[in-house]
Amino acid sequence: MSEFAVEFRDAVKLFPTPEGGEVTAVDHIDLQIQHGEFFSLLGPSGCGKTTSLRMMAGFEWPTSGDVLIDGKVMGRIPPYQRSVNTVFQSYALFEHMTIFQNVAFGLEMEKKPKEEIIRRVGELLDMVKLSGMAKRKPKQLSGGQQQRVALARALIKQPRVLLLDEPLGALDMKLRKEMQLELKALQDQVGITFVYVTHDQEEALTMSDRIAVMSQGRVLQIGTPVEIYERPNCRFVADFIGETNFLEGTVVSRQGDLAVVSVTKLGVEITCMAGDGIDAGKKAVISVRPEKISISQAPLREQNTFRAKVVEIAYIGSDTRVILEGTGNVRLSIWEQNKTSTLDPNSFYHSGQEIWVNLPPENSLVLVGE
Amino acid sequence: MEKQRHKYSLIKVLRENQAAQGLFLMSPTNIYLLIFIVFPLLLVAVLSFLARGSYGEVAYRFNLANYVRLFDTLYAKILAYSLGVGFGTTFISLLIGYPMAYYIARAPARNRSLLLFLILLPFWTNFIIRIYAWIMILRAEGFLNSFLQWTGIIQQPLNILYTPTAVLIGMVYEFLPFMVLPLYTSLEKIKDAQLEAAADLGAPPWKAFLRVTLPLSVPGMIAGTILVFIPAMGMFVVPDLMGGAKTILIGNLIRNQFLTARDWPFGAAASMILMLLTMAFTLYYTRKAGFGEELLV
């Protein structure tokens, strides 16, 4: 067994445009996906995530660089000779075949004996809880059921890697949440490497072992969900995953993991965690998540604190969301968890109130400015 | 009095009776069908049981002689020959039309309308004129023979014109668009993702074609077959002009009975038989392929 299930080595994909030019869909990507991993490609539409997946499947061939599956350079090997299978966004079930025939298709292509096909299709349909539906046509099934058929049809080939292209995109919210957990459980059960394409950051965080965040054909950061959320390595990743506040300024000094940044508009110096490439004199932007900021009537410590005015308050049950405005019209969004059940109106902030904002140094992060 | 009249007004009936509403809304179609299809067909059906008078007029004597006469060897042969030409035309149209439709459906979207336009372009010229153009091409000193002799492929001119081959060529030429268009509609609906899924599951292109493209284009094949077969069975211009006097199809027979022999009842009987044959074939064919009326929509 090779070291990686999937590997991209400086892979590039250019598409011709109707005007005769070229557009870069995948821009020099390096990527290693481990065996048995649930790996997500996450990014906004047009970021190259689907093209990357299609290069693994063999529907697209890299313009330059290599795509390796199981240690073998794929080159121009067509999809029907690759040991990967795809669950399509539109499911792409064969409308003219029954569910049984759909799931059996892959095994028939391998010319497996009839008894084996019948047995294995039965097992797979059991696994995705569709045993009673074998004789139906895809159109007679609900969206969620069609999704399971697509999954069974791909899994029956026992692929080295299962490629999933936004497979839950067409389902409603509730079903989607259910399927997320089911997919994850299924992956644990079959132990196959899953490469999952999505633009839904919450979905990626919920399911993945590791995530690659992509934008404009490039991979910006690869890491576990916690790493991606807590230690984004650039402004785009911080902004795309979850919510965050940005404070722009200049690095005053750096010592180890900590840096002091002068936030120009607020006129304060903030000490915070610093990523790679943060040095004194550089323009920088601090990212701090709304749930990590605390607000108080009096300053909680001597540093990393400044005054701001409450602009807006939204009580949403679990949290109270507060919008603050500091000097220089700097706006901050803060989520205060409602840990008590008090009904006392005085225990809530009200708009127009002047309060103190406290940024704990270990919970805010400096990213290099653009 | 005023109230009494209102009770029977059309508006009132329509307001209360749902069935009447439907009938009323459909009436333009129903009236059209009644005048232009049902009534003429009844006329032909009745006519087919009457007899020819001595001077070519219709004699109102009920009899079955017209139908009996159709089983005469002479006419039975014409019937069988017509069926053969009908099937042949349909089959060759399908053979040529399928790759054409497939090519158009797989062409870049911006080229498709141009290609479809080219398919329909011949309809801008009168059919008879186009048939004469084919005669020019096929005759002994025509373009085809001149070209083949010039290239040295043949020494003596081929005698194609005024043979059954010429009839087939003319028929296929005329009806090809009716095969290509429904096939295109079917093929164009097949999504790329379906073929990608087949490839993904291990099907090389030719297998993906057999297992996915071909079955999904069956509705188009059936619609095209019906659209070609029915008019091909009744065609008489092509055999007249390109088949010489040698090739008589049932279409020619009917035309001759009405216009030359002035035996309208016999022509009517032949028409009825032609209609019944095509209907039987069409129904059998669609049912056999597992499609019902929804196909024709």
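Computed over the Cα atoms, what is the radius of gyration of chain A divided by 2.2 N^0.38 Å, N being its residue count? Don't skip to the end; give the middle numbers.
Values: Rg = 25.0 Å, N = 370, 2.2 N^0.38 = 20.8 Å.
That works out to 1.20 for chain A.
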Exercise for the section: Any chance you could give the angle, 0 to 90 degrees and rounded to 10, that helix A:99-109 forms with the longest Cα principal axis of chain A? Expected result: 70
Fill in the blank from the handout: Under a Gaussian network model of chain A whose springs join Cα atoms within less than 10 Å, the largest fluctuation of A:THR340, A:THR271, A:THR305 belongs to A:THR340
Completion exercise
Charge tally for neighbours of A:SER318 with beta carbon under 14 Å away, counting Lys, Arg as +1 and Asp, Glu as -1, is -1
Exercise for the section: Work out the charge dipole of chain A with +1 on the Cβ of Lys and Arg and -1 on the Cβ of Asp and Glu about the Cα centre, then indicate which of A:SER52, A:GLN337, A:ILE278 is farthest towards its positive end. Expected result: A:SER52
Exercise for the section: Take peptide A:85-93, look around each residue's Cβ out to 10 angstrom, count Cβ atoms belonging to other protein chains, and average those counts. Expected result: 4
Exercise for the section: Might you work out the accessible area of A:GLU203 for me, using a 1.4 Å probe with all protein chains in place, and round it to the nearest 10 Å²? Expected result: 0
Handout entry: Inter-chain Cβ neighbour average for residues B:188-197, partner chain, 10 Å
Key = 5
Completion exercise
Partner shielding of B:208-219, taken as the mean number of other chain Cβ atoms within 10 Å, equals 2
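Using the membrane-span-like helix rule (whole DSSP H runs, Cα extent along the own axis of at least 27 Å, mean Kyte-Doolittle hydropathy at least -1.0), which helices of chain B qualify?
Numbers: long enough: B:73-106 (49 Å, 1.00); B:164-189 (37 Å, 1.02); B:264-288 (35 Å, 0.86).
Going by DSSP H runs, the hits are B:73-106, B:164-189, B:264-288.
Assuming a ≥ b ≥ c are the square roots of the Cα gyration tensor eigenvalues, decide whether the range A:187-336 counts as rounded (a/c under 1.5), prolate (otherwise, with a/b larger than b/c) or oblate.
Numbers: a/c = 2.42, a/b = 1.47, b/c = 1.64.
Oblate shape, in that a/c is at least 1.5 and b/c is the bigger or equal ratio.
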Fill in the blank from the handout: Shape descriptors of the range B:136-199 over alpha-carbon atoms, Rg and Dmax in angstrom, are 19.4, 54
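Per residue, how large is the accessible surface of chain B? Use a 1.4 angstrom probe and give square angstrom.
Numbers: 17480 Å² over 297 residues.
With the other protein chains kept in place, chain B gives 59 Å² per residue.
Quickly rank B:116-124, A:116-124, A:220-228 as a protection proxy: mean count of other C-beta atoms within 10 Å, highest first.
Values: B:116-124: 11.8, A:116-124: 16.2, A:220-228: 18.0.
So the peptides B:116-124, A:116-124, A:220-228, ranked by packing, come out A:220-228, A:116-124, B:116-124.
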Fill in the blank from the handout: GNM of chain A, Cα pairs under 10 angstrom: of A:ASP27, A:ASP344, A:ASP257, the biggest fluctuation goes to A:ASP344
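Starting from the eigenvalues of the Cα gyration tensor, five times each then square-rooted, give me the equivalent ellipsoid semi-axes of the protein assembly as shown, largest first, whole Å.
They are 73, 34, 25 Å, listed largest first.
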Handout entry: Alpha-carbon centroids, the range B:14-79 and the range B:121-187: separation in whole Å
Key = 36
Exercise for the section: Can you check how the C-alpha radius of gyration of the range A:258-370 compares to 2.2 N^0.38 Å, as a plain ratio? Expected result: 1.12
Completion exercise
Among B:LEU249, B:LEU210, B:LEU274, the residue with the largest mean-square fluctuation in a Gaussian network model of chain B built from Cα contacts under 10 Å is B:LEU210
Problem - Computed over the range B:136-245, the ratio Rg/Rh where both radii use C-alpha atoms and Rh is Kirkwood - result: 1.18
Handout entry: Computed P(r) (all Cα pairs; the range B:41-113; 5 Å bins; percent)
Key = 3, 12, 11, 11, 12, 10, 8, 7, 7, 7, 6, 4, 1
Problem - Lysine pair count for chain B [Cα-Cα under 21 Å; pairs on different chains or 8 or more apart] - result: 4
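When only the heavy atoms of the protein chains count and the probe is 1.4 Å, how do A:THR86, B:THR185 rank by accessible area, highest first? Let's see the in-between values first.
Working: A:THR86 10, B:THR185 65 Å².
Final ranking, largest accessible area leading: B:THR185, A:THR86.
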Exercise for the section: Only Cα pairs under 8 Å and at least 6 apart count here; give the relative contact order of the range B:66-295 as a rounded whole percent. Expected result: 26
Exercise for the section: Sort A:SER2, A:SER287 by accessible area with a 1.4 Å probe, largest first. Expected result: A:SER2, A:SER287
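What number does the range A:20-141 give for Rg over Rh if you use C-alpha atoms and the Kirkwood radius? Working shown, then result.
Numbers: Rg = 17.6 Å, Rh = 17.1 Å.
Radius of gyration over Kirkwood radius for the range A:20-141 works out to 1.03.
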Practice task
Starting from the amide H of B:ALA51, placed 1.01 Å from N in the peptide plane, find each other amide H under 5 Å away whose residue is 5 or more places distant or on another chain.
Solution key: B:ALA59, B:ARG61
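Would you mind working out the accessible area per residue for the range A:235-324, using a 1.4 Å probe, and quoting it in Å²? List each step's numbers first, then the result.
On the way: 4500 Å² over 90 residues.
Accessible surface, normalised per residue, equals 50 Å².
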Exercise for the section: Rounded to whole Å and sorted largest first, list the principal axis extents of the Cα atoms in the range B:168-297. Expected result: 66, 30, 19
Exercise for the section: Would you work out what percent of the accessible area of chain A, with all protein chains in place, is carbon or sulfur (probe 1.4 Å)? Expected result: 49
Practice task
Evaluate the range B:66-295: find the radius of gyration of its Cα atoms, find its Kirkwood radius, and give the ratio Rg to Rh.
Solution key: 1.04
Completion exercise
In degrees, nearest 10, the alpha-carbon axis of helix A:143-155 is tilted away from the dominant principal axis of the alpha carbons of chain A by 60
Problem - With DNA, RNA and ligands ignored, accessible area of A:PHE306 (1.4 Å probe; Å², nearest 10) - result: 10
Handout entry: Cα principal axis extents for the range A:49-113, largest first, Å
Key = 40, 28, 15
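Given a 1.4 Å probe and heavy atoms of the protein chains only, how would you sort A:LYS309, A:LYS292, largest accessible area at the top? Display every interim value, and only then the final one.
Values: A:LYS309 90, A:LYS292 45 Å².
Listed by decreasing accessible area, they come as A:LYS309, A:LYS292.
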Completion exercise
So the angle from the long Cα axis of helix A:114-127 to the longest Cα principal axis of chain A, reported in degrees to the nearest 10, equals 20
Handout entry: chain A, relative contact order [Cα under 8 Å, separation at least 6], %
Key = 15
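The values are calculated or read from the model by the stated rules, or taken from the named source; none is laboratory data. It should be emphasised that the depicted structure is a prediction, and the values quoted were computed from it without experimental measurement. Positions of Cβ are backbone-derived with ideal geometry, glycine not excepted, and every protein chain shown enters the neighbour counts. These accessible areas exclude ligands, DNA and RNA; they are computed on the full protein's heavy atoms, side chains included. Shrake-Rupley method; radii C 1.70, N 1.55, O 1.52, S 1.80 Å.
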